[in-house]
Amino acid sequence: MPIPSNHFSRAAIGLAIWAIALVLLIAWAPAEIFTWIKAFHVIIVIAWMAGMLYLPRLFVYHCGAEPGSPQSETFKLMERRLLRGIINPAMVTTWVLGPWLAWTSGFYDEPWLQIKFVLVLAMSALHGFFSCWVNDFANDRNTHSANFYRIINEVPTVLMIAIVLLAIVKPF
């Protein structure tokens with residue numbers, strides 16, 4: 001299903017607002033930019049994780065809906081909007097801000113950060129699977145059970161816990 005052009009317009013406006021805010025922030029408080037970027041990174045990661053935790057729950061409920069039913073069509077809309085409106089932009093922004101923070105802080109060669117990087121790659125791969133499953137549901141081709149999605153729903157939680165512990169505790 002092609003994306004209407006107004007979605008691109010909203011995305012462009014959103015990116016322009018972020019870019020203007022960043023330029024204003026750098027001009028206003030250049031010495032504090034690292035702290036502000038770190039705060040934005042945490043906010044964006046929370047948004048990404050919220051979506052990654054909610055989308056598999058939608059899959060669980062969608063499994064119970066008859067394909068083509070009004071309920072199924074509602075789930076398709078919810079899944080697509082969650083993925084395109086929150087999860088995708090949050091993941092991309094996480095990948096922009098995270099490496100910048102690692103490079104700027106000098107932590108890029110620390111073992112804990114390298115492990116964290118691998119776990120974030122795993123989270124991104126899971127995100128890719130979620131995207132495929134949204135497309136499968138959109139085309140009424142889901143092949144997994146509700147129980148499968150209940151189990152998959154735990155994977156982002158486990159990854160998130162490990163990532164946060166590595167970032168905060170820095171055990172290595």
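The values are calculated or read from the model by the stated rules, or taken from the named source; none is laboratory data. Predicted model only: the values in this text are computed from it and were never measured. Here the Cβ is made from the backbone with ideal geometry for all residues, glycine too, and neighbour counts use every protein chain on show.
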Looking at (1) more than 19 Å from the chain's Cα centre (by Cα); (2) surrounded by 13 or more Cβ atoms within 10 Å (Cβ to Cβ), which one does TRP103 not meet, given that it meets all the others?
(2)
Residue match in the stretch 137-153 (condition: within 24 Å of TYR61 (Cβ to Cβ), surrounded by fewer than 19 Cβ atoms within 10 Å (Cβ to Cβ) and within 13 Å of the chain's Cα centre (by Cα))
no
Criterion (modelled with pLDDT under 95 and surrounded by 15 or more Cβ atoms within 10 Å (Cβ to Cβ)) met by exactly one of GLU79, GLU110:
GLU110
Looking at GLY85, GLY68, GLY14, GLY98 in this structure, which one is in a helix (DSSP H, G or I), at pLDDT below 95, loosely packed, with under 14 Cβ neighbours inside 10 Å and of a type outside the set (A, V, I, L, M, F, W, C)?
GLY14
If you take the residues of the stretch 36-70 that are without any contact (Cβ under 8 Å) to a residue 24 or more places away in the chain and hydrophobic (A, V, I, L, M, F, W, C), which of them is nearest to THR104 (Cα to Cα)?
TRP36
Taking interchain pairs and intrachain pairs at least six residues apart, which have beta carbon atoms under 7 angstrom, with the first residue in the stretch 148-172 and closer than 12 Å to LEU53 by Cβ and without any contact (Cβ under 8 Å) to a residue 40 or more places away in the chain and the second surrounded by 13 or more Cβ atoms within 10 Å (Cβ to Cβ) and hydrophobic (A, V, I, L, M, F, W, C)?
VAL155/LEU126
